[in-house]
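The values are calculated or read from the model by the stated rules, or taken from the named source; none is laboratory data. Predicted model only: the values in this text are computed from it and were never measured. Cβ sites come from the backbone with ideal geometry, for glycine too, and all protein chains shown count toward neighbours. Heads up: the accessible areas ignore ligands, DNA and RNA and are worked out on the full protein's heavy atoms, side chains in. Shrake-Rupley method; radii C 1.70, N 1.55, O 1.52, S 1.80 Å.
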Amino acid sequence: MPSYAIENLVPVVDPLAYVHPTAVLIGDVIIDKHCYIGPNAVLRGDFGRIVVKQGANVQDTCVVHSFPGKDCIIEENGHIGHGAILHGCHIGENALVGMNAVIMDDAVIGAESLVAATAFVKSAFECPPRSLLAGSPATVKRSLSDKEVAWKTSGTKQYHHLTERCLNSLHQVEPLTEVQSNRPRFTDSAYKPKHEG
């Protein structure tokens with residue numbers, strides 16, 4: 001992976017984490033065990049510290065950054081969807097940030113909360129635990145049920161499994177020129193999208 005030191009601050013990646021080779025890590029970035037950092041994610045710790053705690057995932061094309069002297073923290077089992085932007089915020093344990101959502105400086109997303117896709121969370125917004133946030137600017141719509149939190153937790157466990165799969169088997173190849181007969185499929189996922197129950 002492209003990994004860069006700046007002013008002698010070198011990114012730290014636990015050996016049990018997976019960082020895709022196209023992700024970029026700069027400076028004061030700390031990635032704990034069992035984390036997944038997806039393709040083309042950018043974690044730019046050149047002003048403030050970025051901490052991705054155990055079991056969290058930061059998916060494809062996400063951007064994580066901060067103002068000087070500010071930290072951006074993703075707590076254990078945080079789940080950051082494709083294309084999300086986190087800037088100097090704090091994502092609580094087992095919370096989910098939906099695709100293309102933007103979370104601004106000093107915002108706090110409570111544990112086990114869900115931020116809807118494309119939501120815009122203003123600076124210094126404080127979201128209570130187990131909340132559903134949506135809109136631009138985002139507001140708390142309601143509390144989450146046990147079933148909804150369990151659904152989120154199940155999805156994050158799939159990323160724990162994906163981390164292991166990538167560490168064990170992902171490698172660069174030349175593509176085939178045609179589909180082989182009896183092409184296998186991935187069949188081991190117990191996770192189902194929410195709309196499928």
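Values as computed for the structure displayed
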quantity	calculated
Label point distance in nm, LYS157-THR187, each placed 7 Å from Cα along Cα→Cβ	2.1
Rounded to whole Hz, the Karplus (6.51, -1.76, 1.60) HN-Hα couplings of the range 13-22, x for glycine and proline	10, 4, x, 8, 8, 10, 10, 4, x, 8
Shape parameters for the chain, alpha-carbon atoms, Rg then Dmax in Å	17.1, 56
Surface share of carbon and sulfur [accessible, 1.4 angstrom probe, percent] for the chain	55
FRET efficiency estimate (nearest 0.05) - Cβ-Cβ, VAL140 to ARG165, R0 45 angstrom	0.80
Highest average packing first - 160-171, 76-87, 42-53, Cβ atoms within 10 Å	76-87, 42-53, 160-171
Contour excess over end-to-end distance, with Cα ends at ASP46 and ASP60 and 0.36 nm allotted per residue	3.0 nm
Per-residue HN-Hα couplings for the range 23-28 [Karplus 6.51, -1.76, 1.60; θ = phi - 60°; Hz; x = Gly/Pro]	6, 10, 10, 10, x, 7
Listed residue pairs exceeding 20 Å between alpha carbons, taken from LYS53/LYS157; LYS53/LYS147; LYS33/LYS157; LYS70/LYS141	LYS53/LYS147; LYS70/LYS141
Interatomic Cα distance distribution for the range 92-197, bins of 5 angstrom, percent	3, 10, 17, 18, 13, 12, 9, 8, 6, 3, 1
Residue-averaged 222 nm ellipticity for the chain, from DSSP H runs of 4+ at -39500 (n - 2.57), nearest 500	-4500 deg cm²/dmol
